[in-house]
Structure formats: structure tokens, C-alpha cells
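Here's the structure, in C-alpha cells; my notes come after.
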Amino acid sequence: MEPALLAAAGWLEAVGLRQWASATPWVYPAANVLHVFGLAMLVGGIGIVDLRIAGLWRSLPLAALNKALTPVAVAGLAVLVVSGVTLFAADGTTLSRSAIFQWKLLLIAAALANVVLFRMWWQPRITARATDLPLRARALAVLSLLLWVVIGTLGRLIAYV
């Protein structure tokens, strides 16, 4: 994974994004704040839906909750991608060699694969009358929440390890 990340860092430097992200005084701090905000939107939105799917708050209608909060989570993911690329551009060479960063990226891939699986298998069953989903769907929801929390934790640890 490191060679691909180093190549990406080199490309970001070649197109000038590294210089902009690391030399402009406000860009890195703003990207960092937006990254945390995006994580809050993603985990706040999808986390509540995941907990509802897992079995909490059964009196709340699952379909309505999913319809209201999934767009918040998707917007949070978009903010995370844009701010994450900016943060990576500022220090891509160092991040490319970080085992924690590499684990974070692998877990992001796993979390996104989990989303795709859930959407393919269980999303059609989230209807206005649905109250609970099968155990496998609930397990994917719990896995989703755990993955995103671990990803966020790893992101914070990058600065310290």
C-alpha cells in the first residue's frame, strides 16, 4: 500500500496541492476542523440509524429515520473525502509510511464495503412498516458503527504515534 500512497502524494505535490495545503496558513487547520465535522456528521447520522437497526429505539420509525439521517451521513462522508485529501496532500509522504494511516484506509474500505452489502441485501426491507430487521442486518449495522468509530480513533492517533 505504501508505494501507491507515495505515488498519490507525489502526484498531489506535482499538481500543487501539497504547497497550497501546507504553506497557506489557514488551509490545514480549516481542513482539520472540517474533517472532524465530517466525522461527526457521518457517525452522528449513520450511527443513529445503525443503532436503530441494531434494535434500539424501536418506537422510532426506521424508514423515516433512515430517510432523514442517511443524507447527513453521505454529506459527512463527502466532507471527509475532501478534507482528508487536503490533509494528506499537506504531509502525504509521512502519512504514506504510517501503519496507523494504512490501517485507517483499509478499514475505510471495509466500512464502505459493509455499506454496499447492507444497501444491496437489507435496504429494500426498510419500509414504513418495517420494525426490525434480521440478526444479520443488525450485525452489519453494529459492524458499521464499530468500524467508523475505530476509523475516527485511528485518525486521531496518527498525530501521536
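Where a number appears in this text, it was derived from the coordinates with a stated rule and is not lab data. All values derive from a computational prediction rather than experimental measurement. For neighbour counting, all protein chains shown are included, and Cβ atoms are generated from backbone atoms with ideal geometry for every residue, glycine included.
Mind putting a number on the dipole of the chain about its Cα centre? Charges go on the C-beta only, +1 for Lys and Arg and -1 for Asp and Glu, and I need it in Debye to the nearest 20.
Details: 12 positive and 5 negative charges, 130 e Å.
Rounded to the nearest 20 debye, it is 620 debye.
Just want the ordering: 52, 138, from fewest to most Cβ atoms lying within 10 Å of their own Cβ. Before the final figure, lay out each step's value.
Numbers: 52 21, 138 16.
Taking fewest neighbouring Cβ atoms as first place, the list is 138, 52.
Return the single residue from 139, 89, 54 with maximal mean-square fluctuation; model: Gaussian network over the chain, springs between Cα atoms under 10 Å.
The residue with the greatest mean-square fluctuation here is 139.
Would segment 28-106 count as rounded, prolate or oblate if I go by the C-alpha gyration tensor, calling it rounded below 1.5 in a/c and otherwise prolate when a/b exceeds b/c, oblate otherwise?
Numbers: a/c = 3.87, a/b = 2.26, b/c = 1.72.
Cα axes put segment 28-106 in the prolate bin.
Take the Cβ-Cβ distance between residue 78 and residue 160 as r, set R0 to 30 Å, and report the resulting FRET efficiency rounded to the nearest 0.05. Don't skip to the end; give the middle numbers.
Details: r = 27 Å, r/R0 = 0.90.
Computed FRET efficiency for residue 78 and residue 160 comes out at 0.65.
Specify the residue with the greatest mean-square fluctuation among 44, 16, 92, computed from a Gaussian network of the chain linking alpha-carbon atoms under 10 Å apart.
Of 44, 16, 92, the Gaussian network model singles out 16 as fluctuating most.
Using the count of nearby Cβ atoms within 10 Å as a rough guide to exposure, how do 41, 1 rank from fewest to most? Intermediate values should be presented prior to the final figure.
Values: 41 21, 1 12.
Least crowded to most crowded, the residues run 1, 41.
Positive end of the dipole of the chain, charges at C-beta (+1 Lys, Arg; -1 Asp, Glu), about the Cα centre: which of 35, 62, 79 has its Cα farthest in that direction?
Value computed over the given set: 62.
Which whole-number value in Å³ per residue fits the convex hull of the alpha carbons of the chain? All intermediate terms of the calculation are to be shown ahead of the outcome.
Numbers: hull volume 18.2 nm³, N = 161.
So the per-residue hull volume is 113 Å³.
Name the most mobile residue of 83, 59, 96, meaning the one with the largest mean-square fluctuation, in a Gaussian network model of the chain with Cα contacts below 10 Å.
Highest fluctuation among the options: 59.
Mind sorting 53, 100 by how few other Cβ atoms lie within 10 Å of their own Cβ, fewest first?
Values: 53 26, 100 17.
Least to most surrounded, the residues fall as 100, 53.
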